[in-house]
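The values are calculated or read from the model by the stated rules, or taken from the named source; none is laboratory data. Since this is a predicted model, take the numbers as computed values, not measurements. All Cβ positions, even for glycine, are placed from backbone atoms using ideal geometry, and neighbour counts span all protein chains on display.
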Amino acid sequence: MSARILVVEDEPAIAESVAYALRRDGFSVTVAQTLAEAEARRAEADLVILDLMLPDGSGFEWIGSLRAERRDKPIIVLSSRDGEADRVAALETGADDYVTKPFSPREIVARVRAVLRRSIASVAPEAAPATQAVELDEKTRRARVGDAALELTRVEFDLLACLLKGPDRVHTRVELIDRVWGGGFAITDRTIDSHVKALRRKLAEAGADPGTIETVRGVGYRVGSGSNGGP
């Protein structure tokens, strides 16, 4: 069965050229012109090609909402904005690739195939070993995932300890700043997010579930009750 591609693009000429190239290469294609249409059709797609500027909203926000729900559907962004900041913002929000306009339809097809290959590889059984619980010992300030030691900075350790003390409870960014840094520090939300991103990476590399630390959009973070904060 061919992969199903959802093209979210409000310029008919661009949408048709992309859809034609993909269909010619054997893909099944659906076109949506708005985020509302995309939301209604995303469940049936294996990959989304998304324009960032749409009549009813921002593609950035839609990517963020999908990733906040832990939806891992591959997304390739199409955009006329070719600045480095826009590319970085899209990729950090959760896009898998970024293509600037104008582009070659053949390039889109090649990128779709590459992203699908990476997506399939990331969920292959041999690439997904069983995840293990996170354990902390606050007396010795040691952390591990199964038998693997976690090399954490002071801030990363304190963040993880704070989150593990209240599994399933949402910890706001203000709470985390107060407990980890204390009063008197000018810490921004972006700083918190940067430390959480680094912490997630280290947890995943050690064999923990990459979703151990969940983002609660617009509020803060939480960890699931399956994680263990004891020694």
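Within segment 9-63, work out how many residues are part of a helix (DSSP H, G or I), under 25 Å from the mean Cα position of the chain (by Cα) and acidic (Asp, Glu).
Selection size over segment 9-63: 4.
Taking into account only those residues within segment 7-33 that are without any contact (Cβ under 8 Å) to a residue 24 or more places away in the chain and surrounded by 17 or more Cβ atoms within 10 Å (Cβ to Cβ), which is farthest from Met53 (Cα to Cα)?
Ranking the qualifying residues of segment 7-33, first place goes to Ala19.
Taking only segment 64-90 into account, find how many residues are closer than 19 Å to Val112 by Cβ and not in a loop (DSSP other than H, G, I, E, B).
8
Find all pairs meeting these conditions: Cβ atoms under 8 angstrom apart; at least six residues apart or on different chains; first residue within segment 34-50 and assigned by TED's automatic domain parsing to the domain that holds Ala95 and touching a residue at least 12 places away in the same chain (Cβ under 8 Å); second residue of a type in the set (D, E, K, R) and assigned to a strand (DSSP E or B).
Here the result reads Glu44/Arg4; Ala45/Arg4; Asp46/Arg4; Leu47/Arg4, each pair linking segment 34-50 to a residue that is of a type in the set (D, E, K, R) and assigned to a strand (DSSP E or B).
Any idea which residue in segment 132-164 is nearest to Glu214 (Cα to Cα), counting only those that are among the polar types (S, T, N, Q) and surrounded by fewer than 15 Cβ atoms within 10 Å (Cβ to Cβ)?
Residues of segment 132-164 that are among the polar types (S, T, N, Q), as a first pass: 132, 140, 153.
Imposing the further condition that a residue be surrounded by fewer than 15 Cβ atoms within 10 Å (Cβ to Cβ) reduces the set to 140, 153.
Numbers: Thr140: 26, Thr153: 20 Å.
Only one residue tops the list, namely Thr153.
Please tell me if Ala208 is assigned to a strand (DSSP E or B) and not assigned by TED's automatic domain parsing to the domain that holds Glu61. Spell out how you get there, then give the answer.
Values: assigned to a strand (DSSP E or B): no; not assigned by TED's automatic domain parsing to the domain that holds Glu61: yes.
No.
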